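S.K.: Below is a structure I'd like to ask you about.
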């Protein structure tokens, strides 16, 4: 069931929240059980078989967590470690079978020229997100950061429907204490803040992301068909998709955080205006923040720590300050970064394009870190250079992100290279005659440099307008976390960079008639644009 | 070891790592309070104090330290 569907908006959400509040007045336990039941119904709506697949996995994880806890109490450290590893392997194998079996069989067929055929395996919805959350839970139990839990608690943690399908990826210790404290009854502030977030997200998704989507898809369809994509079209498609996925996924995240808030629970933020990032490191701290947090804590840090321990044990220098050498940089920074980002790519999708997208971002991050190591002192002592980089760096970051997103969007490497070649000008630069006419004498110079006049298809001007409009919003408008900052819309939101790095327009939500009218208008437009099937891009992962 | 001895050792290790001389850590110091103490230097710092003290932090430990004081407490418990 999609958040942006009539059945969710007018039936599931009001009934679930209404019954939860009514039950909560007499029995908190009943309200929580109702929420678990409703979450299971939400999950089963798309394909009832999903519940049969996910339920054994939940029970096995719960059993392993209980066993882990018992072994830790008995101070059997090695056995506990073995159970933790078993749990992680089980979860990765579970994900691997459903998500990657077909990919690996096809890859083997390509490499060895074999003819293995595997029946098409249908991916259970949200399995990538659910798997990460279950792994984080086992690690938390092993680290004694979760000390008491029941089967009911665990089911609620895994199945809580606002973040079940596509995050934000949460820790048990973040969410469950909130349920313990929550009165589970109607709360005016929670409903007001939650609804505002929800409708802002719906507007982003249904109006903005779904508005630009068909125009972007049309150009990508041409690239997939093998038509050469010229310079301006290629850039419009690349920037257009970056904006589409940003408004789609940040819209989804706002809706998820808003729905959770209706039930009195704050989820962690997932986006903090990432397209305004100062550099690519900053971008990854602002884009899909809970995934970055998970990958850093459970993949990058352990791998990097293992490499560092080995290196220091050999008497070699680590990384940092004047100690950094080519060897330490390559081994301790570049290797774990590339590995983490390639796995991130593979997690997003079983395909070469996703792995390459991850690799590309790993290279961006490595180069960014190298630059900071080399230039840190020079930037401090040269204010002019610092000012120039203050402008160049965000622009370069945006261009890198946009280029990477071409691989994320394209179904094949051939289609992606078609667009990238177009962006590099290899397929020529063509502008509509009407644009060249308006440029006057400049048009002559442009044509001498190889810019051709070519008739445009119907997507050109609408896409140009959408891109311009959405860029203004992405770069200059405050984000939902900032607008609602005084009501702590998400967990730890005070750590999210406030206005100083960004928007010119300051808006601060409060419980007033003016804001109620504004939110109602946004909601009306959002609901009016709901129709047909328009899945969130991240639901496929 | 006392808290003060841990803090002196940690300060010396971090100064070596970042090529500085004047960093003085206290129990409340967080990573963001120290210029250039990024995530990479943090991992190196953890590995260096592990070697110095002959202890091993867990993955969950490394992720959860909120300030230097938390590292001191965990190091004390691991040292016994």
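The values are calculated or read from the model by the stated rules, or taken from the named source; none is laboratory data. Remember, it's a predicted structure, so these values are computed and weren't measured experimentally. Positions of Cβ are backbone-derived with ideal geometry, glycine not excepted, and every protein chain shown enters the neighbour counts.
S.K.: Could you list all residues from segment A:339-360 that are under 15 Å from the mean Cα position of the chain (by Cα) and under 22 Å from residue A:306 (Cβ atoms)?
M.R.: We begin by selecting, within segment A:339-360, every residue under 15 Å from the mean Cα position of the chain (by Cα); these are A:341, A:343-349, A:354, A:357-358.
Result: A:341, A:343, A:344, A:345, A:346, A:347, A:358.
S.K.: Where residues in segment B:39-53 are under 17 Å from residue A:325 (Cβ atoms) and either out of contact with any helix residue (DSSP H, G or I) (no Cβ under 7 Å at 6 or more places or on another chain) or at pLDDT 85 or above (or both), which of them is farthest from the other protein chains (Cβ to nearest Cβ)?
M.R.: B:48
S.K.: Among the residues that make up segment A:96-104, is at least one of them at pLDDT below 85, loosely packed, with under 15 Cβ neighbours inside 10 Å and closer than 16 Å to residue A:143 by Cβ?
M.R.: no
S.K.: Here is a follow-up. For the condition buried (at least 20 other Cβ atoms within 10 Å of the Cβ), within 14 Å of chain B (Cβ to nearest Cβ) and either in a loop (DSSP other than H, G, I, E, B) or modelled with pLDDT under 90 (or both), what is the one hit in A:141, A:146? If you could, list the steps in order and put the result at the bottom.
M.R.: Numbers: A:141 fails: either in a loop (DSSP other than H, G, I, E, B) or modelled with pLDDT under 90 (or both).
That would be A:146, the only listed residue that is buried (at least 20 other Cβ atoms within 10 Å of the Cβ), within 14 Å of chain B (Cβ to nearest Cβ) and either in a loop (DSSP other than H, G, I, E, B) or modelled with pLDDT under 90 (or both).
S.K.: Which of (1) within 9 Å of another protein chain (Cβ to nearest Cβ); (2) farther than 24 Å from residue A:140 by Cα; (3) in a helix (DSSP H, G or I) does residue B:36 not meet, given it meets every other one?
M.R.: With respect to (1) within 9 Å of another protein chain (Cβ to nearest Cβ); (2) farther than 24 Å from residue A:140 by Cα; (3) in a helix (DSSP H, G or I), residue B:36 is out only on (3).
S.K.: Oh, and also: State whether the residues of segment A:87-99 include one that is within 14 Å of chain B (Cβ to nearest Cβ), in a helix (DSSP H, G or I) and touching a residue at least 24 places away in the same chain (Cβ under 8 Å).
M.R.: yes
S.K.: Taking residue B:28, is it modelled with pLDDT of 85 or more and loosely packed, with under 15 Cβ neighbours inside 10 Å? Lay out the reasoning, then the answer.
M.R.: Values: modelled with pLDDT of 85 or more: yes; loosely packed, with under 15 Cβ neighbours inside 10 Å: yes.
The answer is yes for residue B:28.
S.K.: Is it fair to say residue A:172 is closer than 19 Å to residue A:88 by Cβ, modelled with pLDDT of 90 or more and touching a helix residue (DSSP H, G or I) at 6+ places or on another chain (Cβ under 9 Å)?
M.R.: Against the criterion (closer than 19 Å to residue A:88 by Cβ, modelled with pLDDT of 90 or more and touching a helix residue (DSSP H, G or I) at 6+ places or on another chain (Cβ under 9 Å)), residue A:172 qualifies.
S.K.: Pairs please, first residue from segment A:293-319 and more than 7 Å from chain B (Cβ to nearest Cβ) and outside any helix (DSSP H, G or I), second anywhere and surrounded by fewer than 18 Cβ atoms within 10 Å (Cβ to Cβ) and modelled with pLDDT under 90, Cβ atoms under 6 Å, 6+ apart in sequence or on different chains.
M.R.: Between residues of segment A:293-319 that are more than 7 Å from chain B (Cβ to nearest Cβ) and outside any helix (DSSP H, G or I) and residues that are surrounded by fewer than 18 Cβ atoms within 10 Å (Cβ to Cβ) and modelled with pLDDT under 90, the close pairs are A:317/A:323.
S.K.: Quick one: which residue in B:31, B:74, B:56 is within 11 Å of chain A (Cβ to nearest Cβ), without any contact (Cβ under 8 Å) to a residue 40 or more places away in the chain, under 27 Å from residue A:174 (Cβ atoms) and within 12 Å of the chain's Cα centre (by Cα)?
M.R.: Residue meeting the stated conditions: B:74.
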